[in-house]
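See below for the structure under consideration.
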Amino acid sequence: MQAMAIKRNWNVIKHISNPDKNIQLEAVKSNGNAIWFIRNPDKDVQLEAVRQHVNAVQYIPNPDKEVIMYCLLSIPRAAQLLQNPSYDLKWGEEDEKRTMEETSRGSSMCATSG
């Protein structure tokens, strides 16, 4: 029943308390921004949401590192910079803490225009 409702209108997800993973995936496949209504989405749901709409990352409180990399690689200039071997892409604990603090202050890490 829930799956049929989601297929007809992804926005129904906001009325379902604790939707299971399949319902979550169905909603974000219809519209990546549906992730805004999903509490604690796992990595698979996060990835599907940003695959549908990269700006959906702004609705994920603590995006998985793989989700962040997907977003960065989907921006052509960022992808070019990240392929440069002179960049050290290893994150230390302090880097991660700083990134999480910046994210919690509301900066959208992967927002694009257009």
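For N40 and R77, the FRET efficiency from 1/(1 + (r/R0)^6), where r spans their Cβ atoms and R0 equals 22 Å, is about 0.10. Computed packing ranks the peptides 50-59, 8-17, 24-33, 65-74 as 24-33, 50-59, 65-74, 8-17, most packed first, by mean other Cβ atoms within 10 Å. Would you tally the net charge around R8, using a Cβ to Cβ cut-off of less than 15 Å, leaving R8 out, and scoring K and R as +1, D and E as -1? In short, +2.
Values quoted throughout were computed directly from the atomic coordinates according to the rules given, and no laboratory measurement underlies them. Just so it is clear, the model here is predicted, and its values are computed rather than measured. Backbone-built Cβ (ideal geometry, glycine too); neighbour counts: all protein chains shown.
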